[in-house]
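Have a look at the structure below before the remarks.
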Amino acid sequence: MHVIRHHNNTSKRTRKITTTITFRIDTDTINKLRTESTMHDRSLNTSVNQILKSYVQWDTFETRAGIMPLAKPVVAQLLAYVSKDDITNLAKNVAKSAVQDIMLVMKGKIDLDSFLSWFETLMQKSFIEINHTVENDDTTHRYIVKHNLGENWALLIRNLLQIIFNDLLGIRIEIINLSNTTLVFQFENNQTRSDQ
């Protein structure tokens with residue numbers, strides 16, 4: 001068994017309060033965590049915090065929200081057989097209500113911050129590379145999603161994003177690029193996003 005100790009600390013940058021707590025963790029598990037942390041050039045403390053945060057913000061809700069994991073090649077192959085019209089109808093008739101239901105279960109509300117937090121986590125959990133940049137005095141948000149899942153997947157996500165942003169959030173979204181491998185979109189928001 002190995003003991004991890006965390007120290008009380010309030011970060012001036014994020015203003016998050018941390019708590020000191022001690023856990024007993026199997027030695028083999030902690031050694032694997034150390035190796036993984038070293039590979040990703042981050043501290044063991046950071047890795048443990050990310051794992052716990054992922055668990056309380058995502059993993060505990062997956063079953064209740066009806067989220068089912070599928071391998072990326074399976075998703076790409078399934079969508080390859082769907083017509084563009086069917087993709088559009090899928091986004092309108094199924095994906096919109098499904099996302100609303102999932103977000104209400106997982107986040108308790110539907111607003112810009114909760115949607116972006118959910119979307120970023122969904123991409124990361126699906127092993128899809130995502131990059132979020134903010135420009136023009138923190139008002140222009142740009143997302144680059146490197147998916148490698150085919151044009152139909154990008155089309156489905158594009159349609160879904162347009163519906164969510166237009167119908168639920170009342171924000172105009174601009175699709176910069178859509179391809180077999182990448183989806184790029186941006187939007188303007190004058191409100192500062194809260195730290196998730």
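The values are calculated or read from the model by the stated rules, or taken from the named source; none is laboratory data. Since the model is a prediction, treat every value here as computed from it, not as a measurement. Backbone-built Cβ (ideal geometry, glycine too); neighbour counts: all protein chains shown.
Of note, residue 83 satisfies the criterion of being at pLDDT 80 or above and within 26 Å of residue 148 (Cα to Cα).
Looking across segment 153-180 at every residue that is touching an Asp or Glu at 6+ places or on another chain (Cβ under 9 Å) and of a type outside the set (A, V, I, L, M), the one that is nearest to residue 100 (Cα to Cα) is identified as 172. Here residue 180 fits the description: in contact with a Gly (Cβ under 9 Å, 6 or more places away or on another chain), assigned by TED's automatic domain parsing to the domain that holds residue 79 and not in a helix (DSSP H, G or I). Between 109, 72, 125, 92, the distinction of being basic (Lys, Arg), within 18 Å of residue 159 (Cβ to Cβ) and either at pLDDT below 85 or in contact with a helix residue (DSSP H, G or I) (Cβ under 7 Å, 6 or more places away or on another chain) (or both) belongs to 92 only.
Pull up segment 124-142, narrow it to residues that are among the charged types (D, E, K, R) and in a strand (DSSP E or B), then point me to the one that is surrounded by the most Cβ atoms within 10 Å (Cβ to Cβ). Among residues in segment 124-142 that are among the charged types (D, E, K, R) and in a strand (DSSP E or B), the one surrounded by the most Cβ atoms within 10 Å (Cβ to Cβ) is 142.
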